[in-house]
Amino acid sequence: MATTIQVTVNGKAYSHDVDPRTLLVQYLRDVLGLTGTHVGCDTSNCGACTILVDGKAVKSCTMLAVQADGSEVKTIEGMADNGTLHPLQEGFREEHGLQCGFCTPGMIMTSADLLERNPNPTEHEIREALEGNFCRCTGYHNIVKSVQYAAKKISNQEKVA
Amino acid sequence: MTNYIGKAVKRVEDKRFITGKGRYTDDIILPGMTHAYIVRSPYAHARISSVDTSAAEAIEGVVKVFTGKDIAESGINGIPTGWQVNFKNGDTMKEPPHPLLVSDKARYMGDAVAIVIAESREIARDAGDMVEVEYEELPAVADAKKATEAGAPLVHDDAPNNMCFDWELGNPKAEVDEAMSKAHHITTLEFVNQRVIPNAIEPRSAIGHFEESSDKYTLYTTSQNPHLTRLLMCAFVLGIPEHKVRVVAPDVGGGFGSKIFHYAEEALVIWCSQRLKRPVKWTADRSEAFMTDAHGRDHVTKAEMGFDKDGKIMGLRVKTYANLGAYLSTFAPCVPTWLHGTLMQGLYTTPKINVDVTGVFTHTVMVDAYRGAGRPEATYLLERLMDTAALEMKIDPAELRRKNFIPAFDGVKQAGYQTQVALQYDSGNYQGVLKRALEMVGYEKFREEQKAARKDGKLLGIGFSTYIEACGIAPSAVVGALGARAGLYEVGQVRVQPTGKVSVYTGSHSHGQGHETTFAQVVADRLGIPMDDVEIIHGDSESVAFGMGTYGSRSLAVGGSAIVKSLDKIIEKGAKIAAHKLEASEEDLEFAEGKWTVKGTDKSVGFGDVALTAYVPHNYPAGLEPGLDFSSFYDPANFTYPFGAHIAIVEVDQDTGKVSLKRFIAVDDVGNVINPMIVDGQIHGGLAQGIGQALLEGAVYDENGQLINGSYMDYTMPRADDLPSFEIDRQVTPCPHNPLGVKGAGEAGTIGSTPAVVNAVMDALSPFGIKNLEMPLTPERVWRAMNS
Ligand code: FES
Ligand code: FES
């Protein structure tokens, strides 16, 4: 019954036999041990499981592992570059964009997708982009600021480069 | 620089969370671990005629299925409650058994009937579907008030009228009636403070691990309160020796009250692990969490406030039916009573108060503390009365409050304020927070805008809430007298290592509050050492001596104070060692910046030096024990009383009924502040939850006891685009009775915000003559009101 899939996760190539009904999030957590991606619901509403698949934000509970065959996946564990935090990771820390941390990986991944599409979002655009990610701790106030921090940092880095 | 108190230090714990290295319960995998799935009743009330597990057990990969019968036969007890509230006539409250798995009857939708243990989560779930349970559905009741009426279906046969207790507090009813009869004006409100679901984003999870070789048990659990869970589970449920049990609450993804309590699943995984000699993991999925996490609020209330002709409050009379759910959860009886009735004084000089509460069983999941716990319900009632009375009496709502505020007192030069409802407030300056909030909002200007907008058919509204809460829970002797079955002190141990590095063990628990940062700031500041030299350890009963956990905004006020007590002992003993080393007398030394200095000289010895000497005591004061390690219990002298003023500005869309929250201003006084960034974050999060209750959230049980919005598709959680950025400020009135002068900030936002928002909507709707609408103020509800 098992199907073989080949995926690249955070730059590393994997090949595994998986049960066809295994969700991508389960594969990441249970098979690869990448527990930074969280499960907060069973209706694809909370966004805690958000990752990047071929550069696009995807709720990994809405996708089967077999559907990721041949894809390039990035999770929160792959966001820092050789120990240097991604500007979003830094932003969440600087602006206190997290409390319990459970929603944080999903928030960061969704925001990464946003900033890729729209490097200079307004507060309104940030709030709209994050409406598929629940946070029960922060009231979103500082999450918005965290994303703004990252946007600014990225644009400054680009100016320098 | 070792000055940390009052600084917005970035959080120490963030590194692991932003890199995906947090370690939550469901992340833990143990060798040989099995997975549990719990078969739950789809009915709110049903007799269980039979449970057939044979088909499930035949599935490959199923290890075992246990049923309510197995639990009953094993002789273990059910889940206890930690608080006793008696009937007015002195009779003990009704305390029906709450078995880990039911065998005779299901009493709420989600009541646990059987547990399947299998090699994988998927197999367990598949097999769960194969457990055949025959139910005979019975009539159910979900509404607290209806449950007390004649002929209502009974949840427990031995609780007539579904009453758990009836209770009152304050002045005798006759005195209050008398005061009210003389009132010039009485404002009356009847409303439901609706049931809300805490919804921490991390679902509950528990792993039980019994090790036969050592006869030891480990429970990993999503708990705010690991030591209390251990105590309740060992002593009251399973009857296993406490010293053989380790409870670990690792990183926990939010709690908001819902993870305080000892839940049946925790005891179940331990019990199953002991039987199967393998680790057993259970993790709720969200639908299960909706059905089985303890909910909050759910009061049916009639409240009346009497005023003299100048708007001075003469009396307050309150009757509440509080829904407790089908069984008594850990703190359930105290929430609508001692955490609710005691807040009826609010910020006002009300001379006569009577509050009467009936605790009611219904065929719904347990109701217990949810962020604020009782205090939001009290504040909602008072602050809705104030704005409604202002409207009725045509007095400005800010002015009405000012007329009635208790005058400022610091609790040192001026005594604390004795309320009519048992509490004595510690310190307060209520005019101050309102004044600041009015400045921030630009009150007069807003009223003009509002007038102009009305002419253009735009419905703007402003709403106030000036609240107080009782936090820093709580003096043990006081709560003991009120029915608590536990003490509510906290434990803090400071272990100075030989190299001068410091490990701190706290019985308090962080599930987002940032203890690893705030507590380290306190320790580093007091000891005059870098924060990097301090590690805060919490959440593991094996490393932390004891603890009462985190809830009731108690972590810093009680847990922090316990640490300070130990720090004082460290500094005191350190001085003895330093004096010996400096060949000076202790009295001649002063301790600052991490060293003991002989006053008026440059002779000094550093903290690290003293630490090393304590562990290598070669040249050492005679008669002094080696080591530098102290543990303290801190039992607070009183509750703490944070307060504040919240103002909401809303716009109601006349065509759709949609309420948009335009601005939210919060000025809170939580006493001294150790880390303003973290305190602000606590306020933000609290506001979102309070605003959520006003506008969006509400658990809906139908008349058959079916939870009909038990998923994120149906239950409206506040999203990023539902909320504005908040405008917040602070006033500082130190707490006079704890060493840090702190009051607690975790619940303030939630307690204050809900009535401010509802008041704002009522203000916007006042041209329609609408005085009261039930929460949540959905577009439909508002539109219907405007169009009827
Ligand atoms: S787990 Fe909630 S959206 Fe995927
Ligand atoms: S930080 Fe806890 S849910 Fe967002």
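Observations on the structure shown:
- In straight-distance terms, cross-link reach from residue B:413 covers every one of the aspartates and glutamates whose alpha-carbon lies under 15 Å from its own, apart from those fewer than eight places away in the same chain; here that gives B:426.
- Low-density loop cleavage sites - trypsin sites (Lys or Arg not before Pro) in the stretch A:6-71, where at most 13 other Cβ are within 10 Å (DSSP): A:21
- Simple point charges give the picture: +1 on the Cβ of Lys and Arg, -1 on the Cβ of Asp and Glu, and for the stretch A:3-78 a dipole about the Cα centre of about 180 debye.
- This model, with +1 at the C-beta of Lys and Arg and -1 at the C-beta of Asp and Glu, gives chain A a dipole about its Cα centre of some 260 debye.
- Between the amide H of residue B:640 and those of B:471, B:472, distances stay under 5 Å, these residues lying 5 or more places away or on another chain, with hydrogens modeled in the peptide plane.
- Three-way shape label, the protein assembly as shown, alpha-carbon gyration tensor, a/c 1.5: rounded
- Probe 1.4 Å - accessible area at residue B:15, Å² to nearest ten: 130
- In the stretch B:571-655, the GluC sites (Glu not before Pro) that fall in loop regions by DSSP, at most 12 other Cβ within 10 Å: B:583
- Length-normalised contact order of the stretch B:48-157 in % [C-alpha pairs under 8 Å, at least 6 apart]: 38
- Helices assigned as whole DSSP H runs in chain B whose Cα atoms extend at least 20 Å along their own long axis and whose mean Kyte-Doolittle hydropathy is -0.5 or higher are found at B:375-393, B:561-582, B:676-695, B:748-765.
- Dipole-positive endmost among B:600, B:279, B:207 within chain B (Cβ charges, Cα centre): B:600
- Selection from B:6, B:45, B:71, by position along the positive dipole direction of the stretch B:1-74 (Cβ): B:6
- For chain B, the relative contact order comes to 16 percent (Cα pairs under 8 Å, sequence separation of at least 6).
- Under 23 Å of direct C-alpha separation, and excluding same-chain neighbours fewer than eight residues apart, residue A:152 reaches these lysines: A:56, A:74, B:10, B:15.
- Between the residues B:783, A:114, B:159, the greatest Cα displacement towards the positive end of the dipole of the protein assembly as shown, with unit charges on the Cβ of Lys, Arg, Asp and Glu, is found for B:783.
- Rounded accessible area of residue A:100 (nearest 10 Å², 1.4 Å probe): 10
- Charge dipole magnitude, Cβ of K and R +1, D and E -1 - the protein assembly as shown, Cα centre, debye nearest 20: 1720
- Surface composition of chain B: carbon and sulfur make up 50 percent of the accessible area, probe 1.4 Å.
- A cut-off of 5 Å between modelled amide H atoms, ignoring neighbours fewer than 5 places along the same chain, links residue B:216 with B:211.
- Using just its DSSP H runs of length 4 or more, each adding -39500 (n - 2.57), chain B gives a mean residue ellipticity at 222 nm of -8000 deg cm²/dmol after division by all residues.
- Mean separation of Cα contacts under 8 Å (6+ apart) over length of the stretch B:489-634, as relative contact order %: 33
- Pairs from the list B:352/B:771; A:59/B:658; B:145/B:302 with a Cα-Cα gap above 22 Å: B:352/B:771; A:59/B:658.
- Loop-located trypsin sites (Lys or Arg not before Pro) across the stretch B:260-312 with a Cβ neighbour count of 14 or fewer within 10 Å are B:277, B:309, with loop assigned by DSSP.
- Taking the C-alpha atoms only, the angle from helix A:104-117 to the longest principal axis of chain A is near 70 degrees.
- Eligible lysines near residue B:576 by straight Cα distance, threshold 21 Å, same-chain separation 8 or greater: B:501, B:565, B:595, B:599, B:603
- C-alpha center-to-center spacing [the stretch B:650-704, the stretch B:535-572] in angstrom: 30
- Tensor-based shape of the stretch B:487-616 (alpha-carbon gyration tensor, a/c under 1.5 rounded, otherwise prolate or oblate): prolate
The values are calculated or read from the model by the stated rules, or taken from the named source; none is laboratory data. Nothing here was measured: the structure is a model prediction, and the numbers come from that model. Cβ coordinates were reconstructed from backbone atoms using ideal geometry, including for glycine residues, and neighbour counts include every protein chain displayed. To get the accessible areas, we keep the full protein, side chains included, count just its heavy atoms, and leave off ligands, DNA and RNA. Shrake-Rupley method; radii C 1.70, N 1.55, O 1.52, S 1.80 Å.
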